[in-house]
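Here's the structure we're looking at; comments come further down.
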Amino acid sequence: MSFQSLGLSDALVRAVAEHGYTTPTPIQTQAIPAVLAGGDLLAGAQTGTGKTAGFVLPMLQRLSTEPSPHGARGQRGARRPVRVLVVTPTRELAAQVEASIRTYGKHLKHSSMTLFGGVGFGPQAAQLKRGVDIIVATPGRLLDHAGERNVDLSTVEILVLDEADRMLDMGFLPDIRRVLALLPAKRQNLLFSATFSDEIKALAERLLDRPRTIEVAPRNSTVELISQKVISVGRDRKRELLSWMIGTHRWNQVLVFTRTKHGADKLAQALERDGIRAQAIHGNKSQGARTRALADFKKGGVDVLVATDIAARGIDIAELPRVVNYDLPNVPEDYVHRIGRTGRAGADGEAISLVCVDEHGFLRDIERLIRRAIPRETIAGFEPDPAERAQPVFKQQRGQRAVSGPPSSRARARQTAAPRGSGHADARGHDRRHAQPHGVSRGHGQPQAHGAHRAGGQGRGAGHGHAFARGGGTHATTSAPHGSRRTHAKPR
Ligand code: AMP
């Protein structure tokens, strides 16, 4: 199967070949002829399957072969009518889709632009006034411009809702409805979603007219090529374990997920102290900072990008070898989205989840969703303490801050911390029985890697040169005040 045989023009086939693609991916093989035929499309495809080219290529072809039914000029003085609207949940995804439009459309003459928040409103308004064929937007900023009458969407011929499930998760349904009200009744609709909840089905029913349905990965299952594993670890030892794994395996280009923005910042700082080049990316960072962090990561300037689910949505890094779930997501569909960042377009990928006893309920939900058990492992020296009892995840994050800090204050906090967890089901209804005072789980002679960053002085020259700590025979141990043994890391 070639791109040419799918009915694409020479200009598009040439652009694709110049970009290094030789064979269409399964979603492209199905979506390209379907979109060219002009009908609506409901596509179940995860990020990493090549879905962007699956809709961008045929949409460009339609624009270049069919003149706008609204004539050459747009309304409200714009020099041309808006012909395609792509709506995405995040700024990063919007930027990436628009970059793909430029790449694949390099031998054509269409103009495209992004509309999202976090960047100046005025320049966007000016560009809209000049006229543009294709807009790739997040819902909020698009509606702001529509409200200011900067953009007329009544000429749109093709609407794409990309990662629709995520848009609904993010609460964009009311905004999507408002956008739909601005579009003409007659148009082609393409809806892409990695998962199919009842909400998505309802949206599809409302939006699509006798759609072609294509699905490249079985519904709600994870990409086959990704090898998945769970590493069981004590609640407070995840950071040490992650530093150790990165150092030992000389990993670079690791995308690490945390549940919260605060957690992302804290982890990136801790990794930096361990001598690992890391940056955090989340919604509280300015668009500029997010773009820079992503660019740095892509070109190898940082080894680890720590991201929250929303910030990482749509991140496109070719052949990302590895994704680490530092926290398991409490929404099981997010697991599918997260691990879809690796194993892209046929490349192998690895998804590793560091799971503590508090997250077993989340893990069960995920395994139910993907309909398979994820193999479990432990790493010698980092085994979870069998006496550690589950605590409510959200309460625990608050309590966690009370015991962070230098070892002496941590030890003090352990001795004085009140029992955490109420013994009731947590926010997701998982039974979190028998919460224990923090600290009782210690002291089982389990070696504790501690103070990896204090081992310091590690160079970045040879490999990564990370200092990492690991429980094991090679390290000296001393008694800690609360009865556990601590291992002081040595640089290797
Ligand atoms: P997407 O699912 O659209 O985010 O694409 C995932 C990755 O696959 C991106 O890095 C694309 O550049 C790449 N890709 C898309 N189509 C192909 C293809 N036919 N052959 C190889 N790589 C592709």
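The values are calculated or read from the model by the stated rules, or taken from the named source; none is laboratory data. Predicted, not measured: the structure shown is a model, and the values here were computed from it. Cβ: placed from backbone, ideal geometry, glycine included. Neighbour counts: every protein chain shown.
Report the residue count in region 113-143 for those that are among the β-branched types (V, I, T) and surrounded by fewer than 21 Cβ atoms within 10 Å (Cβ to Cβ). Outline the logic, then answer.
Filtering region 113-143 for residues among the β-branched types (V, I, T) gives 114, 119, 132, 134-136, 138.
Within this subset, residues satisfying the condition of being surrounded by fewer than 21 Cβ atoms within 10 Å (Cβ to Cβ) are 119.
The number of residues fulfilling the criteria is 1.
Scanning for something more than 22 Å from I310 (Cα to Cα) and within 16 Å of the ligand (Cβ to nearest atom), does region 76-98 turn up at least one residue? I'd like the intermediate steps shown before the answer.
Initial filter on region 76-98 (more than 22 Å from I310 (Cα to Cα)): 76-84.
From the residues that got through so far, the ones that are within 16 Å of the ligand (Cβ to nearest atom) too are none.
No; the residues of region 76-98 include none that is more than 22 Å from I310 (Cα to Cα) and within 16 Å of the ligand (Cβ to nearest atom).
Only one of the numbered conditions (1) surrounded by fewer than 20 Cβ atoms within 10 Å (Cβ to Cβ); (2) not assigned by TED's automatic domain parsing to the domain that holds R187 is not met by R210, and that is (2). The one condition from (1) in a loop (DSSP other than H, G, I, E, B); (2) in contact (Cβ under 8 Å) with a residue 24 or more places away in the chain; (3) surrounded by fewer than 20 Cβ atoms within 10 Å (Cβ to Cβ) that A146 does not meet is (1). Residue under question is S404, and the condition is that it be over 19 Å from T260 (Cβ atoms), at pLDDT below 50 and away from the ligand (no atom under 16 Å from the Cβ); does it hold? No, not satisfied. Looking across region 156-171, not a single residue is in a helix (DSSP H, G or I) and surrounded by fewer than 18 Cβ atoms within 10 Å (Cβ to Cβ). Consider region 172-198 and keep the residues that are in a strand (DSSP E or B) and of a type outside the set (A, V, I, L, M, F, W, C). The one that is farthest from E215 (Cα to Cα) is Q188. Of the candidates R290, R313, the single residue that is modelled with pLDDT under 90, over 19 Å from V233 (Cα atoms), within 14 Å of the chain's Cα centre (by Cα) and within 16 Å of the ligand (Cβ to nearest atom) is R313. Within the bounds of region 76-86, is there any residue that is surrounded by fewer than 18 Cβ atoms within 10 Å (Cβ to Cβ) and in contact with a strand residue (DSSP E or B) (Cβ under 8 Å, 6 or more places away or on another chain)? No, the conditions are met nowhere in region 76-86. Considering (1) within 22 Å of T138 (Cα to Cα); (2) more than 10 Å from the ligand (Cβ to nearest atom), say which one G7 fails and leave the rest. Here G7 clears every test but (1). With the requirement that a residue be more than 9 Å from the ligand (Cβ to nearest atom), closer than 20 Å to A99 by Cα and free of Cβ contacts under 8 Å to residues at least 40 places away in the same chain, what does region 19-60 give you? Within region 19-60, I32 is the sole residue that qualifies. Of the conditions (1) under 23 Å from Q188 (Cβ atoms); (2) at pLDDT below 95; (3) in contact with a Leu (Cβ under 9 Å, 6 or more places away or on another chain), A72 fails just one. Which one is it? Every listed condition holds for A72 apart from (3).
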